[in-house]
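Have a look at the structure that comes next, please.
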Amino acid sequence: MSRSHVKVRPAEAADVAALVELVGATDLWPTSPRARRLRAESEAALPCRLAEIIADPGRTVLVALEEGSGELAGLIVLGEDEVAALTATPVISVTHLAVSPGHRRRGVARTLLAAAVQAAAAREIDYVMVSAIAGSREVNRYFARLGFAPLVVRRVAPTAVLRRSLGMAEPADRVAALRRTRGRESRPRLVTRPIRRGA
């Protein structure tokens, strides 16, 4: 197994286009129908979102670059967080870890995670927490081999679905908007015919 020689540095605004391409080429997204919808909504805003995250002082975006060519090999997004709201244990949270398909199995992810460990040590934080796609066995096995234990499962649902499931009424303004829309659809259309003279 060949190893990449990569250097890790903070991402810059000039990296955004390459980062968009990297994210598009990787399997950072779950494959469920609901996740596909989230992906479609997120991809359009991805360049702006990446620029915001890079500029955010509360997050750190690191990139791994191939030595020599300078080619983007991977990225990691770090933030300082807590294990949970009721657990005051600080963690370095890895929300995204991506390696370009051409650089996999060469130690790029390991190098980026080592940078996360160094960030934790610099802040005197004892834990690193990663987010992983629930259905990706390969990714979850990789993290397990490194010593990450499962802690919580995070699930997402649209509020409209939850309202129906919980038997909640729709907000008044939404009901009014739906009625206006339905009213326009059910209203009979006026058909005008030209008046014929001398008929």
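What FRET efficiency, computed as 1/(1 + (r/R0)^6) with R0 = 22 Å and r the Cβ-Cβ distance, is obtained for Ala17 and Ala160, rounded to the nearest 0.05?
The value I calculate is 0.05.
Would you calculate the separation in nanometres between label points at Ser69 and Ala51, each defined as 7 Å from the Cα along the Cα-to-beta-carbon direction?
For Ser69 paired with Ala51, the spin-label model returns 2.8 nm.
To the nearest 10 Å², what's Thr60's accessible area with a 1.4 Å probe?
Approximately 40 Å² for this residue.
So, counting K/R as plus one and D/E as minus one, what does the shell of residues with Cβ under 10 Å around Leu65 add up to?
Surrounding charge for Leu65 is -2.
So if we plug the beta-carbon distance of Glu80 and Glu170 into 1/(1 + (r/R0)^6) with R0 = 35 Å, what FRET efficiency do we get, rounded to 0.05?
Computed FRET efficiency for Glu80 and Glu170: 0.35.
Okay, moving on. Could you give the length gained by full extension between Ala149 and His5, i.e. 0.36 nm per residue of separation minus their alpha carbon distance, to one decimal place?
49.0 nm
The values are calculated or read from the model by the stated rules, or taken from the named source; none is laboratory data. Please read these numbers as outputs of a predicted model, since none were measured by experiment. Every residue, glycine as well, gets a Cβ built from its backbone with ideal geometry; the counts of neighbours run over all protein chains shown. Heads up: the accessible areas ignore ligands, DNA and RNA and are worked out on the full protein's heavy atoms, side chains in. Shrake-Rupley method; radii C 1.70, N 1.55, O 1.52, S 1.80 Å.
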